[in-house]
Structures are given as structure tokens and as C-alpha cells.
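Participant: Please read through the structure below; I'll follow up with questions.
The values are calculated or read from the model by the stated rules, or taken from the named source; none is laboratory data. The model shown is predicted, which means the values in this text are computed figures rather than measured ones. Every residue, glycine as well, gets a Cβ built from its backbone with ideal geometry; the counts of neighbours run over all protein chains shown.
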């Protein structure tokens, strides 16, 4: 039996005209270009989010739900953090670079966030933290701001960026597997596209 949809009679696939598959990671010059644009525009929240997304290698659902106390030790942002992943229910540890710590501290100070607050609270009162959809729109805006085709990139681009740079330098698959929190090495191999 043939399925028809609409006045023309032909069913249109959901992904027609869209790029599907793995989203490519950002390259180092692209990271610096986005970072520079966010610094020049004095966008404290998005700079903190961009830097933390690169450093943490977290999925969008985990990044948007981060609490202040998960990255802060007292009033200062720690050099390491450990977060329970929503998808796998397994903890993953990540390093927070000095540049990221400074941008997060500036964001917390500007917003006057308390340890129990979400690190990236929503401006919409119905939601306590920004949604993954809002985060996705930010990523597309960042990528488009440096002249790249934003349809080729997504939130998973941020998760893949640092690990691809690390793998390119070290060729250490096991380290990348631990950084991503994968249980199987095959998943990491497929994830890196090698």
C-alpha cells in the first residue's frame, strides 16, 4: 500500500535536503575565531558556555543541566569536575582550562549565581535551565558567525572537538574513550571516524 501525503500525492522524507550523519569537529582556528567573536561582543554567558562545552566534552543534555556547585569549589571554579551522565548514568571527569575557569567565574559573578543554581539558567520562567534546543541555536549561531555552513555542525560538534584534537596529537584511543565515557572501544573508534 502506498502512503500519500499532501496535495501532490508524494510523501516527502523528513531528512530531504538536510545533512545527516556525524557532525564534524571544529578545528583550532575555528575555535579561536568563535572565542574571539564572543569576547569582542562581551557575551559572557555564551563565552562561558562555549569554553565549557569544548573542555567538558559533555552531551547537550548534560551541559545545559550543570549546577554551579558541580564546577565550583567554594567561590572558585575547580580545575577538574565530575558529572553523572544522563544517558549512561556513569560519571565522567573532565579538566577545566584556565581560560574556561575565568569565563565561568565572570559569568557566575555577572549573574550572581548561587551554588545550588543551574550554571546556565533559562530566561524563560517555565524552565529552570536553558534547553538543548536553545543551546543548539547558539551553536548554529557561533558556527555561522565565522562563515561556516551551520547546517553541517551541531551540538555534538562541541563534544567531538577536543577529543578529535587530542586523538590527532596523541593517537591514544583509550584516553579518548575515558574522556568521552564510552564503555566500548569500538564506540570510540566509530565516534572518531577512524
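Participant: Determine whether the range 152-162 contains at least one residue that is at pLDDT 85 or above, over 13 Å from the mean Cα position of the chain (by Cα) and more than 17 Å from residue 95 (Cβ to Cβ).
Facilitator: Within the range 152-162, one or more residues are at pLDDT 85 or above, over 13 Å from the mean Cα position of the chain (by Cα) and more than 17 Å from residue 95 (Cβ to Cβ).
Residues are listed down the side, and each one gets a yes or a no for (1) touching a residue at least 60 places away in the same chain (Cβ under 8 Å); (2) surrounded by 14 or more Cβ atoms within 10 Å (Cβ to Cβ); (3) within 20 Å of residue 156 (Cβ to Cβ); (4) touching a strand residue (DSSP E or B) at 6+ places or on another chain (Cβ under 9 Å):
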residue: 41; (1), (2), (3), (4): no, no, no, no
residue: 49; (1), (2), (3), (4): yes, yes, yes, no
residue: 74; (1), (2), (3), (4): no, no, no, no
residue: 85; (1), (2), (3), (4): yes, yes, yes, yes
residue: 96; (1), (2), (3), (4): no, yes, no, yes
residue: 104; (1), (2), (3), (4): no, yes, no, yes
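Participant: Oh, and also: Please work out if residue 132 is surrounded by fewer than 20 Cβ atoms within 10 Å (Cβ to Cβ) and over 27 Å from residue 76 (Cα atoms).
Facilitator: no
Participant: Are any residues in the range 52-89 touching a helix residue (DSSP H, G or I) at 6+ places or on another chain (Cβ under 8 Å) and part of a loop (DSSP other than H, G, I, E, B), and if so, which ones?
Facilitator: Matches in the range 52-89: 57, 58, 59, 66, 78, 79, 85, 86, 87.
Participant: Do you know which of the residues in the range 139-191 that are touching a residue at least 12 places away in the same chain (Cβ under 8 Å) and outside any helix (DSSP H, G or I) is surrounded by the most Cβ atoms within 10 Å (Cβ to Cβ)?
Facilitator: 153
Participant: Keeping to the range 53-62, report how many residues are surrounded by 18 or more Cβ atoms within 10 Å (Cβ to Cβ) and out of contact with any strand residue (DSSP E or B) (no Cβ under 9 Å at 6 or more places or on another chain).
Facilitator: Residues flagged as surrounded by 18 or more Cβ atoms within 10 Å (Cβ to Cβ) and out of contact with any strand residue (DSSP E or B) (no Cβ under 9 Å at 6 or more places or on another chain) within the range 53-62 amount to 4.
Participant: Give all pairs with beta carbons closer than 9 Å in which a residue from the range 111-130 that is in a loop (DSSP other than H, G, I, E, B) meets a residue that is at pLDDT below 90; count only pairs at least 6 apart in sequence or on separate chains.
Facilitator: Once the first residue is in a loop (DSSP other than H, G, I, E, B) and sits in the range 111-130, its partners that are at pLDDT below 90 give 115/74; 121/127; 128/122; 129/122; 130/122; 130/123; 130/124.
Participant: Does residue 23 satisfy the condition of being within 28 Å of residue 178 (Cα to Cα), modelled with pLDDT under 85 and in contact with a helix residue (DSSP H, G or I) (Cβ under 6 Å, 6 or more places away or on another chain)?
Facilitator: Spelling it out, residue 23 is indeed within 28 Å of residue 178 (Cα to Cα), modelled with pLDDT under 85 and in contact with a helix residue (DSSP H, G or I) (Cβ under 6 Å, 6 or more places away or on another chain).
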